[in-house]
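S.K.: Quick one: structure below, then a few questions.
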Amino acid sequence: MSREVRKFSTDQWFFKVLASVFLGSLLVCGMMGVVGVVCHTDGNPRTASAQYLMWMAALVWSVVLSGCFLFRSGWQAWGVLALANSAAWGLFSLLRSVMA
Amino acid sequence: MKLRADFVQLYRDVHSWVGVIAGLFLFVAFYAGSITMFEEPLQYWASSPVALPPPVSLEHTPDLLQKVLAAYPEARTDYTITVAPQDGQNARVTWGGSGGQAHRAPTPVMAAGLDGEGSLIVVPKTDSDAAHFIDVLHQQVGLPLPHTPAMVLMGLVALLYTIALVSGVIAYLPALFKTLFAVRLGQSVRKRWLDLHNLLGLFSLPFHLVMAVSSVVFAFHDQIFTVEHLLFARPVAARHGGVAGSFMVSAPTNAAPTLSPVLAPTDILALMARQAPGFVPETLNYRQLAHGRDVVRVFGHDARYPTRGPTGGFVVLNAHTGAVQSGEYMPGHQPVKFSILTSFFALHFGSYGGMPVRCGYVLLGLGGAFLFYTGNQLWIVSRRRRERQNGAVVETRGTKFLAALTSGCIIGCVAGLSAVFCAVPVLPSGGTYSAVSTVYYSVFCLFVVTAFCLPGQRGVRFLLAASGVVTACVPFMLCLHGAYLLRITAGAGVAVMACLLSLFLFVGAMKHTREL
């Protein structure tokens, strides 16, 4: 029974996991940057904002890692995460230049 | 709940592989972690009593301090006063030591008291490292590595653990309502393991989610803060205080060294009782910071509020005026944003709600450890079944390897920790870090090697019985070598828990079957 809907599978799991480990952690850093700039944090570990960012990072990275198996292929994982990275880091540098 | 079959199958595969990789590490983390719920009493219990006369009263502590500081001027920068020294287990005044940091060459803590004539007596105080070793074993998921690489590996295990939780929930959702409370004891071993695994997993899911995310935070928090520093650091002039140095520099301070004497312990306690009724101060840590700033860190707990650390929180006071310098970690007096953060930590440490919550966390921790054991058993049993259906007569090398590794590591961990408790009464000063870790890892390795030499059901039964014997030795050793160890509640608790555990292991040894 062949249907048009794509099937989820663990094919190429290694590349998907690799993408979400490396690009995922980079994406998490970018998101920390965006949220941190918006909240005017200074990154001092003793401030509450820096600590909330840390918890956010752990949570988001866990979600990215758990969801990475849903990508159609290893290539798609790398592509989508690279795009997300450039969006996050672009937004970060834009926000920083605007708000600085 | 209707989910696409391929979606569920995907996460079922992910769950079994991720679970089997992380399961053994997580077993160690949970088993040792549930023991660390009582780390502090266990440390008191394992340490030999300080050879000092009964502690002087708090009112007379300034006399003692004066004599100590005259004889040991280096103590001036950092000394600690215990508010209620337990009999023989702690001194009124202590100083020195490696500051509780792991993996450093231990420098002895010095303890001081006054004899009947009022002359100073100072003795080195060597605490047992047994409880601390179990804590490090918990933090490093059983890996005997230096701290930094061990924490990175622990973080990876914690990430696998979160993936295992998410995938496990997705894989189990379709069958959730059908088989929620069904534990098919009478049917095959595989179904029994499966039902137990699901039941345990579902009902401790919130606990596991908290543990998983907080462990990721604990593992990577240095790296995350480095990234944050790189992302947001502003020029030094614009920053408020420095990162290195003391705990808190938030309050503007008068930099000129003051010559007025520091407040006496009784004054600090009176001040705390007035400003924070309900807070129970345990220790007063007097410190001289840079620029001649004298502070007192009052460490204690308040049964009504969750605390940031495993056993309590603290407030930093100016040692001359008693003005609060930082109350961000003071139970019940934290700003809302900090108390929310504290609750995340408290949920990991079980540091809220007192003794009932701690006991509950022990049960949840042991339940978690058992969850990982059932998970690995399930993996092995289903693999064996699949191989047999495919016509294989003997099981493949992979299955054999994993079966031996699972029983060796898990039973070895249990036996190793029991051996540590056996060794505490015989080791000098309750065991140094290296002595305790030698005891643990030799027993652990012995069990792993035995598991590979004796594969199959006989081997597992032998290992279970052997670890039962080691565990049963704990109460015997306590009676033989250190009756004084049974005197306090912690000692009695260790003996009772060891009896129950050895019973469980013996029953396991008798009942263990590996049919399909």
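The values are calculated or read from the model by the stated rules, or taken from the named source; none is laboratory data. Only a predicted model underlies this, so the values are computations on that prediction, with no experimental measurement involved. Note that we place each Cβ from the backbone using ideal geometry, even for glycine, and neighbour counts take in every protein chain shown.
Conditions (1) in a helix (DSSP H, G or I); (2) outside the structural domain of residue B:16 (by TED's automatic domain parsing); (3) under 30 Å from residue B:436 (Cβ atoms), marked per residue:
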| residue | (1), (2), (3) |
| --- | --- |
| B:144 | no, no, yes |
| B:149 | yes, no, yes |
| B:157 | yes, no, yes |
| B:200 | yes, no, no |
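S.K.: Within the range B:479-486, does at least one residue satisfy the condition of being outside any loop (DSSP other than H, G, I, E, B), in the same structural domain as residue B:395 (by TED's automatic domain parsing), under 22 Å from residue B:44 (Cβ atoms) and within 24 Å of the chain's Cα centre (by Cα)?
M.R.: Within the range B:479-486, one or more residues are outside any loop (DSSP other than H, G, I, E, B), in the same structural domain as residue B:395 (by TED's automatic domain parsing), under 22 Å from residue B:44 (Cβ atoms) and within 24 Å of the chain's Cα centre (by Cα).
S.K.: Does the range A:70-84 contain any residue that is without any contact (Cβ under 8 Å) to a residue 24 or more places away in the chain and of a type in the set (Val, Ile, Thr)?
M.R.: Looking through the range A:70-84, at least one residue is without any contact (Cβ under 8 Å) to a residue 24 or more places away in the chain and of a type in the set (Val, Ile, Thr).
S.K.: Of the residues in the range B:335-373, how many are farther than 28 Å from residue B:196 by Cα, assigned to a helix (DSSP H, G or I) and touching a helix residue (DSSP H, G or I) at 6+ places or on another chain (Cβ under 8 Å)?
M.R.: Number satisfying all stated conditions: 5.
S.K.: Continuing with the same structure: Can you name the condition, by its number, that residue B:86 falls short on among (1) surrounded by 13 or more Cβ atoms within 10 Å (Cβ to Cβ); (2) not in a helix (DSSP H, G or I)?
M.R.: Against the list (1) surrounded by 13 or more Cβ atoms within 10 Å (Cβ to Cβ); (2) not in a helix (DSSP H, G or I), residue B:86 comes up short only on (1).
S.K.: Write out, first by first residue and then by second, each pair whose Cβ atoms fall under 8 Å of each other, whose residues are 6+ apart or on separate chains, and whose first residue, in the range B:367-381, is outside the structural domain of residue B:22 (by TED's automatic domain parsing) while the second is crowded, with 24+ Cβ neighbours inside 10 Å.
M.R.: From residues that are outside the structural domain of residue B:22 (by TED's automatic domain parsing), there are no pairs.
S.K.: Follow-up question, since we're still on this one. Among the residues of the range B:308-334, count how many are away from chain A (no Cβ under 14 Å) and assigned to a strand (DSSP E or B).
M.R.: 5
S.K.: Based on what the data block shows, is residue B:298 assigned to a strand (DSSP E or B), in contact with a Lys or Arg (Cβ under 8 Å, 6 or more places away or on another chain), modelled with pLDDT of 85 or more and of a type in the set (A, V, I, L, M, F, W, C)?
M.R.: When the stated conditions are applied, residue B:298 does not pass them.
S.K.: As an exercise: evaluate residue B:459 against (1) small (Gly, Ala, Ser); (2) in contact (Cβ under 8 Å) with a residue 12 or more places away in the chain; (3) over 28 Å from residue B:404 (Cβ atoms) and give the number of the one condition it does not meet.
M.R.: If we test residue B:459 against (1) small (Gly, Ala, Ser); (2) in contact (Cβ under 8 Å) with a residue 12 or more places away in the chain; (3) over 28 Å from residue B:404 (Cβ atoms), just (3) comes out false.
S.K.: Are there any pairs, at least 6 apart or on different chains, whose C-beta atoms fall under 8 Å, with the first in the range B:386-408 and touching a residue at least 40 places away in the same chain (Cβ under 8 Å) and the second buried (at least 18 other Cβ atoms within 10 Å of the Cβ) and small (Gly, Ala, Ser), and if so, which?
M.R.: B:404/B:451; B:404/B:459; B:405/B:451; B:406/B:23; B:407/B:451; B:407/B:459; B:408/B:451
S.K.: What do you reckon, is residue A:32 more than 12 Å from the chain's Cα centre (by Cα) and within 8 Å of another protein chain (Cβ to nearest Cβ)?
M.R.: Taking the combined requirement at face value, the residue does not satisfy it.
Yes/no per residue for (1) surrounded by 22 or more Cβ atoms within 10 Å (Cβ to Cβ); (2) not aliphatic (A, V, I, L, M):
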{"site": "B:118", "(1), (2)": "no, yes"}
{"site": "B:125", "(1), (2)": "yes, yes"}
{"site": "B:162", "(1), (2)": "yes, yes"}
{"site": "B:176", "(1), (2)": "no, no"}
{"site": "B:216", "(1), (2)": "yes, no"}
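S.K.: Out of B:78, B:63, report the one residue that is under 33 Å from the mean Cα position of the chain (by Cα) and surrounded by fewer than 21 Cβ atoms within 10 Å (Cβ to Cβ).
M.R.: B:78
S.K.: When the residues of the range A:7-29 are filtered to those that are farther than 18 Å from residue B:220 by Cβ and small (Gly, Ala, Ser), which remaining residue is farthest from the other protein chains (Cβ to nearest Cβ)?
M.R.: Top of the filtered list is A:19.
S.K.: To continue, here is another question. Can you report the number of residues in the range B:441-455 which are surrounded by 14 or more Cβ atoms within 10 Å (Cβ to Cβ) and out of contact with any Leu (no Cβ under 7 Å at 6 or more places or on another chain)?
M.R.: Result for the range B:441-455: 8.
S.K.: Next question. Could you please give the count of residues in the range A:42-66 that are at the interface with chain B (Cβ under 8 Å from one of its Cβ atoms) and in contact (Cβ under 8 Å) with a residue 24 or more places away in the chain?
M.R.: 3
S.K.: Turning to a different aspect of this structure: Provide a single number: the residues in the range B:201-245 that are modelled with pLDDT under 90 and of a type in the set (D, E, K, R).
M.R.: Residues meeting the conditions: 2.
S.K.: Same structure, new question: Filter the range B:283-314 down to residues that are touching a residue at least 40 places away in the same chain (Cβ under 8 Å) and of a type in the set (A, V, I, L, M) and give me whichever is farthest from residue B:328 (Cα to Cα).
M.R.: The qualifying residue farthest from residue B:328 (Cα to Cα) is B:290.
S.K.: Something else: Examine the range B:27-47 for a residue that is more than 12 Å from every other protein chain (Cβ to nearest Cβ), more than 26 Å from residue B:138 (Cβ to Cβ) and in contact (Cβ under 8 Å) with a residue 60 or more places away in the chain, and state whether such a residue exists.
M.R.: Within the range B:27-47, not a single residue is more than 12 Å from every other protein chain (Cβ to nearest Cβ), more than 26 Å from residue B:138 (Cβ to Cβ) and in contact (Cβ under 8 Å) with a residue 60 or more places away in the chain.
S.K.: In addition: So which of B:96, B:33 ends up being assigned by TED's automatic domain parsing to the domain that holds residue B:489 and of a type outside the set (A, V, I, L, M, F, W, C)?
M.R.: B:33
S.K.: Since residue B:450 meets every condition but one in (1) closer than 21 Å to residue B:135 by Cα; (2) assigned to a helix (DSSP H, G or I), which condition does it not meet?
M.R.: Among (1) closer than 21 Å to residue B:135 by Cα; (2) assigned to a helix (DSSP H, G or I), the lone unmet condition for residue B:450 is (1).
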